[in-house]
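**Student:** First, the structure itself, so that you have it in front of you.
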Amino acid sequence: MEGEQNKEKTLQEVASDVVFKGANLWILACAIMIASIGLNVNSTAVIIGAMLISPLMSPIIGAGFALGTYDFSLLKKALINLMVATVVSLLVSTVYFFISPFKDVQSELLARTTPTIYDVLIAFFGGLVGVIAITRVKKGNPIPGVAIATALMPPLCTAGFGLAIGNFPYFFGAFYLYCINCVFICIATFLIVKLMNYPSKSQVDERRQKQVRNLITLLIILMLIPSSYLAYTLFREQQFKKNTDYFIEKEFNEKGYTLVYKRVAYKENPKRIELAFLSKRFKSEEITTLNAKLADYNLNNTKLVFRQDTTDRYLSLKGELLNELGVKSKVVNQKDILISQLEGEIAKNTFDNKQILLEVNTIFDSIKSLSIANHGFNYMNDSSQAVTIVVYDRSKALSKEENERLEQWLKKRLNLAQVEVYKRNKF
């Protein structure tokens, strides 16, 4: 074949590259660290850089050449070095994510936890290009592209992340993707080696050749069946979300209803679509009708749920709130003054409590009701500074961090200098 490198020289280069020791091992460890940081900060550019410098593909290519030439000593060496590289990579990434203060699941991490049939195709065709480039005299530009496309490094780092946080579905999903890449790069290499008639290392009888073919067939089946199922599941989920968007567009957006919250729970049984609107309130008859319409949009086994204000009117809560504030103190003190001022402020309160509750529910959906009133002083700090008091109803009090976050959000939302948030029964 034109431009092909001498077969003996290619085999020598492949055999020398499968060994992980010295500089290769250090390069691998550094590449793993860079990829882990890139996944941690959700930086695609950093992840690509790590894939370009990683030598992880060499033992996989070596295993493919070994199978194609029936060089079982090279196959053993390639598999041992691949296992060493895998263990080192998992160890480095697990340690990094364990000590990293950032444990959030970024989109780059999440993308490596659910492999599909498309990952099989990428690994196979990427492997084909990589092997063809290796057998050329002029290696050209394909090698960096293959390193990026086949993406061996990020799944291993994601598997380390799963181990570090104790999330085994993440670990198994990412490690399965890594196995898919390894197996199909190896199979692509095997096919190219056979196609280009590389000489066998030794005479192998028909029975041994059949064993190799059976092993490859078994690996293909083991990788294809789960990934095909996951691809089908992903397709169904995307179709469900597409149908949901169409349903919302036709039944709500086109009628002028302003949607402020949407949550689609595909994995629940039945599936759930939760919606909240700016001003529209749906009656029980309307909700029943809309649920019946879901089947018309191929949204079977799905329940439509509306998040809308079902609390009592603010003024009906005044007496209850004031009783709770006042029963615990018979002495005229700062708390009594607060109660007195609250009675006067409630009557002239201009806050849209229902709308604010609706917006707050997008952050803390377990808050049942919200009461807001302005005051001319802050009794907690014994000052005359203007302050707005917010009292919420929730089965469990917000944590200190959640309380502070809600206060900061209310300051920005209501354009106020100072807001204090309390759970009912605070006083």
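The values are calculated or read from the model by the stated rules, or taken from the named source; none is laboratory data. Treat the numbers as computed from the prediction; the structure is a model and nothing was measured. Backbone-built Cβ (ideal geometry, glycine too); neighbour counts: all protein chains shown.
One line per residue, one yes/no per condition, for (1) at pLDDT 85 or above; (2) in contact with an Asp or Glu (Cβ under 9 Å, 6 or more places away or on another chain); (3) under 17 Å from residue 42 (Cα atoms):
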residue	(1), (2), (3)
90	yes, no, no
97	yes, no, yes
120	no, no, no
128	yes, no, no
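**Student:** From the list 49, 64, exactly one residue is touching a helix residue (DSSP H, G or I) at 6+ places or on another chain (Cβ under 8 Å), surrounded by 22 or more Cβ atoms within 10 Å (Cβ to Cβ) and assigned by TED's automatic domain parsing to the domain that holds residue 194. Which is it?
**Tutor:** 64
**Student:** Inspect all residues belonging to region 310-326 and state whether any of them is assigned by TED's automatic domain parsing to the domain that holds residue 369, among the aliphatic types (A, V, I, L, M), in a loop (DSSP other than H, G, I, E, B) and modelled with pLDDT under 85.
**Tutor:** No, because not a single residue in region 310-326 is assigned by TED's automatic domain parsing to the domain that holds residue 369, among the aliphatic types (A, V, I, L, M), in a loop (DSSP other than H, G, I, E, B) and modelled with pLDDT under 85.
**Student:** Can you pull out the residues in region 69-122 that are surrounded by 19 or more Cβ atoms within 10 Å (Cβ to Cβ) and basic (Lys, Arg)?
**Tutor:** Answer for region 69-122, where residues must be surrounded by 19 or more Cβ atoms within 10 Å (Cβ to Cβ) and basic (Lys, Arg): just 112.
**Student:** So, one more: Does region 108-128 hold any residues that are of a type in the set (A, V, I, L, M, F, W, C) and assigned to a helix (DSSP H, G or I), and which are they?
**Tutor:** Let us first name the residues in region 108-128 that are of a type in the set (A, V, I, L, M, F, W, C), namely 109-111, 117, 120-125, 128.
Within region 108-128, 109, 110, 117, 120, 121, 122, 123, 124, 125, 128 meet the criteria.
**Student:** Select from region 397-427 the residues that are loosely packed, with under 13 Cβ neighbours inside 10 Å and part of a loop (DSSP other than H, G, I, E, B) and list them in ascending order.
**Tutor:** 399, 415, 417, 425
**Student:** Of the residues 221, 192, 273, 216, only one is under 26 Å from residue 126 (Cα atoms) and crowded, with 18+ Cβ neighbours inside 10 Å; which? Quick ask: steps written out before the conclusion?
**Tutor:** Working: 221 fails: crowded, with 18+ Cβ neighbours inside 10 Å; 273 fails: under 26 Å from residue 126 (Cα atoms); 216 fails: crowded, with 18+ Cβ neighbours inside 10 Å.
Within the list 221, 192, 273, 216, the selection yields 192.
**Student:** Would you point out which residue out of 264, 260 is under 30 Å from residue 279 (Cα atoms) and under 20 Å from the mean Cα position of the chain (by Cα)? It would help to see each step written out before you state the result.
**Tutor:** Details: 260 fails: under 20 Å from the mean Cα position of the chain (by Cα).
Unique residue meeting the criteria: 264.
**Student:** Does residue 43 qualify as being over 25 Å from residue 13 (Cβ atoms) and modelled with pLDDT under 90? Reasoning before the result, please.
**Tutor:** Working: over 25 Å from residue 13 (Cβ atoms): yes; modelled with pLDDT under 90: yes.
Answer is yes for this residue.
**Student:** While we're on this one: Residue 28: assigned to a helix (DSSP H, G or I), crowded, with 16+ Cβ neighbours inside 10 Å and free of Cβ contacts under 8 Å to residues at least 40 places away in the same chain, yes or no? I'd like the intermediate steps shown before the answer.
**Tutor:** On the way: assigned to a helix (DSSP H, G or I): yes; crowded, with 16+ Cβ neighbours inside 10 Å: yes; free of Cβ contacts under 8 Å to residues at least 40 places away in the same chain: no.
Considered against the rule, which asks whether it is assigned to a helix (DSSP H, G or I), crowded, with 16+ Cβ neighbours inside 10 Å and free of Cβ contacts under 8 Å to residues at least 40 places away in the same chain, residue 28 comes out as no.
**Student:** Taking the conditions exactly as written (within 28 Å of the chain's Cα centre (by Cα), part of a helix (DSSP H, G or I) and basic (Lys, Arg)), does residue 242 satisfy them or not? If you could, list the steps in order and put the result at the bottom.
**Tutor:** Working: within 28 Å of the chain's Cα centre (by Cα): yes; part of a helix (DSSP H, G or I): yes; basic (Lys, Arg): yes.
In short, yes.
**Student:** Moving on to the next point. Select from region 235-272 the residues that are under 21 Å from residue 114 (Cβ atoms) and touching a helix residue (DSSP H, G or I) at 6+ places or on another chain (Cβ under 9 Å) and list them in ascending order.
**Tutor:** 243, 244, 264, 266, 267, 271
**Student:** Right, here's the next one. What are the pairs with Cβ atoms under 8 angstrom where one residue, in region 285-299, is in the same structural domain as residue 274 (by TED's automatic domain parsing) and more than 15 Å from residue 264 (Cα to Cα) and the other, located anywhere, is surrounded by 15 or more Cβ atoms within 10 Å (Cβ to Cβ) and among the acidic types (Asp, Glu)? Sequence gap at least six, or different chains.
**Tutor:** 290/251; 293/251
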